[in-house]
Amino acid sequence: MNADFPDREHFLDFSGKKREFEYLVHENDLGYLIRAKETKDIGYEFHAFSENNPYHALGEIRQKIRKRLSTRYLQKEGGKYHLYHDEAKGHISYGGVVIDGIFIPFEHLNEMIQTYEGFHIEIKIKGLEEE
């Protein structure tokens, strides 16, 4: 990749916390796939694809990062996380989900959802291109 293509960048989240992301670029016959992964062990992760230009994918991934980091989905009360406004976005990880850059084991996610007993739920799993 060109020397001017960033390998890392910092973004501010909803609380003003600085979060560092590392960019990984995968080039193949179809185009460029860029993965932005928060540099801590388990955190935010984003993907973007461009058929002809890695800088287009970089612009798209920056927009995704800023948009997701601007919204808070979890609130911590009494040492436990709860949904802040009855919805959450994140990604599935081994053994749980990552929401707001925080790993939530499936058993804790189950506890969070049980507080909504009797309500309706919609679960939508999206591919990388639909983030």
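Where a number appears in this text, it was derived from the coordinates with a stated rule and is not lab data. Just so it is clear, the structure is predicted and the values come from calculations on it, not from any experiment. All Cβ positions, even for glycine, are placed from backbone atoms using ideal geometry, and neighbour counts span all protein chains on display.
Brief remarks on what is shown
- Formal net charge of residues neighbouring GLU20 (Cβ-Cβ distance under 12 Å; K, R +1; D, E -1): +1
- Pairs beyond 19 Å (Cα-Cα), from LYS18/LYS80; LYS76/LYS124; LYS37/LYS76; LYS17/LYS67: LYS18/LYS80; LYS76/LYS124; LYS37/LYS76
- Under 14 Å, Cβ to Cβ, from LEU30 - net charge with Lys/Arg +1 and Asp/Glu -1: -4
- Computed over the range 1-112, the P(r) tail beyond 19 angstrom holds 49 percent of alpha carbon pairs.
- Scalar couplings 3J(HN,Hα) for the range 101-113, obtained by applying the Karplus form with A = 6.51, B = -1.76, C = 1.60 to θ = phi - 60°, are x, 10, 6, 10, x, 4, 5, 6, 4, 4, 4, 5, 6 Hz; x denotes Gly and Pro.
- Sequence-separation-based contact order of the chain, relative, with Cα cut under 8 Å and 6+ spacing, percent: 18
- Spin-label zone in the range 63-101 - amide nitrogen under 12 Å from a point set 7 Å from the Cα of LYS40 along the C-beta vector: 99-101
- Taking other C-beta atoms within 10 Å as the exposure proxy, ILE123, ILE104 rank ILE123, ILE104 from fewest upward.
- Least to most buried among LEU12, LEU69, LEU83 (fewest other Cβ within 10 Å first): LEU12, LEU83, LEU69
- In degrees, nearest ten, helix 54-69 long axis to first principal axis of the chain (Cα): 20
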